[in-house]
Amino acid sequence: MKTIKRGFAAFLFLALAPCIFSATAADLRKLYDPVIKKVAGKYRIDPALVHVIIRAESNYDSFAISDKGAMGLMQLMPATAKQYGVNNVFDSAQNIEGGVRYLGDLVKLYEGQTKLVLAAYNAGQEAVRKYKGIPPYPETKAYITGIMKNYKKPSILAKNPVFMGRDASGRMLLTNDPEAVRKK
């Protein structure tokens, strides 16, 4: 059965390859938008930021490999991919999931300060720690400037959903726990 599934996947890839490789970044943005919205919602990250990062990192090329070894849409380094459970960096859904989870952790770590989050995403957390801020690397500075042209928010807010319901006595209840407001 696995052989049939793999064979079908290979056939599908080969059949769609001309379309994928001739697609523009705008076409690919539309293609990946549902996955990005779903994953960004799951980790409460602005999908617009995820799109801007993917555009800067790989221009929506799910098979991109940098000269430093970062791979896939969100250009995950092998250790980062492993840490975030990405088994196949070229699987766009896995790559986006791992990249957005990592981005979410950076947002928490740097308390939503966009430039520090971007610096850490590009140069690594150790470089941000070492320089007590944005590292003086020209590539990192250019990366942050490029992202900030398209994402002009000085802070990234991890969106916390609020659910409204009533408790057992009928009082209105506002919570971020959806289970607390489910009807029994």
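Considering only residues that are among the polar types (S, T, N, Q) and at pLDDT 60 or above, look in segment 138-184 and name the one that is nearest to LEU109 (Cα to Cα).
SER155
Looking only at helices (runs of 4 or more DSSP H) that lie completely in segment 63-167, which have at least 2 residues being in contact (Cβ under 8 Å) with a residue 40 or more places away in the chain?
92-109, 114-123, 138-150
Do we have any residue at all in segment 84-96 that's crowded, with 19+ Cβ neighbours inside 10 Å, β-branched (Val, Ile, Thr) and out of contact with any strand residue (DSSP E or B) (no Cβ under 7 Å at 6 or more places or on another chain)?
Checked against the condition, which is being crowded, with 19+ Cβ neighbours inside 10 Å, β-branched (Val, Ile, Thr) and out of contact with any strand residue (DSSP E or B) (no Cβ under 7 Å at 6 or more places or on another chain), segment 84-96 yields at least one hit.
Residue by residue through segment 60-111, note down the ones that are in contact with a helix residue (DSSP H, G or I) (Cβ under 6 Å, 6 or more places away or on another chain) and over 19 Å from GLN125 (Cα atoms).
Of everything in segment 60-111, those that are in contact with a helix residue (DSSP H, G or I) (Cβ under 6 Å, 6 or more places away or on another chain) and over 19 Å from GLN125 (Cα atoms) turn out to be TYR60, SER62, ALA64, GLY72, LEU73, VAL86, ASN88, VAL89, ALA93, ILE96, GLU97.
Does TYR32 satisfy the condition of being touching a residue at least 24 places away in the same chain (Cβ under 8 Å), aromatic (Phe, Trp, Tyr) and within 24 Å of LYS141 (Cα to Cα)?
Criteria not met by TYR32.
The values are calculated or read from the model by the stated rules, or taken from the named source; none is laboratory data. Because the structure is a prediction, the values reported are computed rather than measured. Every residue, glycine as well, gets a Cβ built from its backbone with ideal geometry; the counts of neighbours run over all protein chains shown.
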